1. Quick one: Met219, Met142, fewest Cβ neighbours within 10 Å first, how do they rank?
2. Once you have the Cα-Cα distance between Thr186 and Leu228, take 0.36 nm times their residue separation minus that, and quote the gain in nm to one decimal.
3. Evaluate Rg over Rh across region 129-244, taking Cα atoms for both radii and Kirkwood's formula for Rh.
4. How far, in nm, would the chain grow between Val160 and Ala46 when pulled straight, counting 0.36 nm per residue and subtracting the alpha carbon separation?
5. Between Ala197 and Gln23, what is 0.36 nm times their sequence separation minus the Cα-Cα distance? Round to one decimal in nm.
6. Can you sort Arg201, Arg29, Arg124 from fewest to most other Cβ atoms within 10 Å of each residue's own Cβ?
7. Cβ neighbours within 10 Å, averaged per peptide: list 37-43, 8-14 in order, most packed at the top.
8. Label-point separation (nm) for Asp120 and Asp9, each offset 7 Å from Cα along Cα-to-Cβ?
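Where a number appears in this text, it was derived from the coordinates with a stated rule and is not lab data. Since this is a predicted model, take the numbers as computed values, not measurements. Here the Cβ positions follow ideal geometry from the backbone for every residue, glycine too, while neighbour counts run over all protein chains shown.
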Amino acid sequence: MQYNVIGPDGSKYGPAGIDLLQQWINEERIVPSTMLEAVESGEQVAASQVGSLQFKSASAPAVGGPVSFSQPAVVQTPQQPLYGAGQPQQPLYGAGRPGAPIGYGYAQANTSGTDGPLPDEIARLKWNWGAFVFNWLWLVCMNRVAAGLGLLVILGVLGVINVLLLMNHVIGQAVDFIVGSIIQYTITGLLAWKGNALAWRSRRFDSVEHYIAVQKVWMWVGIVFFTLSMLYQIVSVIIQVIAGK
């Protein structure tokens, strides 16, 4: 069962499973009176009414102690809530920004554009089509200008070498296609494999949702371009082989 946690201002945090909710309870971020909303049914219940959740005490935390979802935080300056005593508010994916979508979990800092830890949603992404297909251009757009231009030079040099080998009849068309493809796709494949972590840490995004939306555009354009490119190369090789006979 998945629940959204409803904050004092009506903001929703989640979705979160029982294990994560129990972790927040142990950290005293959720108290028995905190309202939860079932994701599937939309039913709202107090956290104390969910039988799978265990509370250490029925009493609410003292003022100045660890802050729960249902308890307004103690503030030292206007509009500057604290998550715990002496801890300033950190940027959230879903909370703290008007109109922002529901966040992933509770109080996760937006670490995009930094060397901070990857959100779980980004870490689970294993392939980036934009990085694979558009490689150097994608790197430039992800604020890795030097790396992108360097990769462009490397691919350009490899292309020139292939042309020279073909002109001097050192290798044939079929061999050139196979060898060139192996080298190119090995380089771009490694970039695609590490691309999501690289992009998240290289450029500032508003949220995880924003990052995924941007990469989806690259993905669909990349898939279409890659498919058409492969069809063109295969047809070209077939035509050249037939013509050679």
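1. Going from least to most buried by this count: Met219, Met142.
2. Numbers: separation 42, 0.36 × 42 = 15.12 nm, distance 1.96 nm.
Answer, rounded to one decimal: 13.2 nm.
3. Working: Rg = 16.7 Å, Rh = 15.7 Å.
For region 129-244, the value is 1.06.
4. Values: separation 114, 0.36 × 114 = 41.04 nm, distance 6.78 nm.
Result for the pair: 34.3 nm of gain on full extension.
5. On the way: separation 174, 0.36 × 174 = 62.64 nm, distance 2.64 nm.
That works out to 60.0 nm of additional length.
6. On the way: Arg201 18, Arg29 23, Arg124 9.
With the sparsest Cβ surroundings first, the list reads Arg124, Arg201, Arg29.
7. Values: 37-43: 11.9, 8-14: 15.9.
Sorting 37-43, 8-14 by mean packing, highest first, produces 8-14, 37-43.
8. It is 2.5 nm.
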